[in-house]
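Below is one structure, written out as structure tokens; comments come after it.
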């Protein structure tokens, strides 16, 4: 992360929209396995209200079904937790690109 980047953690997906509205983070890193809705559903809800929000799914799920659902929900990137070293490489160059996919 660059100097001045801030990181926020939310205890559940329901807090995502109000906290996004309050803090306006540059990026959101979200797991799929969340309660009471999963990260893909939460991404859809967030992007419906804030279409410019940028979401990266960070997960252990390597199945194409999850990746496809996440991309269809509008995520900017989908990475595996084993590939967290890629996170910084994704955040900074993604400014002018479409979906990054480390699973290809």
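The values are calculated or read from the model by the stated rules, or taken from the named source; none is laboratory data. Everything numeric in this text was worked out from a predicted model, so none of it was measured. Using ideal geometry, Cβ is built from the backbone for each residue, glycine included, and neighbour counts are taken over all protein chains shown.
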> When only residues in the range 88-103 that are in a helix (DSSP H, G or I) and either surrounded by fewer than 17 Cβ atoms within 10 Å (Cβ to Cβ) or more than 12 Å from the chain's Cα centre (by Cα) (or both) count, which is modelled with the lowest pLDDT?
Replying inline: 96
> Which residues, taken from the range 63-76, are assigned to a loop (DSSP other than H, G, I, E, B) and either buried (at least 17 other Cβ atoms within 10 Å of the Cβ) or in contact with a strand residue (DSSP E or B) (Cβ under 6 Å, 6 or more places away or on another chain) (or both)?
Replying inline: 74, 75, 76
> Which residue out of 46, 84 is under 22 Å from residue 16 (Cα atoms), exposed (fewer than 15 other Cβ atoms within 10 Å of the Cβ), in contact with a strand residue (DSSP E or B) (Cβ under 9 Å, 6 or more places away or on another chain) and modelled with pLDDT of 80 or more?
Replying inline: 84
> Is the range 53-64 home to any residue that is under 23 Å from residue 86 (Cβ atoms), over 13 Å from the mean Cα position of the chain (by Cα) and in contact (Cβ under 8 Å) with a residue 40 or more places away in the chain?
Replying inline: yes
>> I'd like to verify a number: residues in the range 1-20 that are surrounded by 15 or more Cβ atoms within 10 Å (Cβ to Cβ) and modelled with pLDDT under 70, how many?
In response: 0
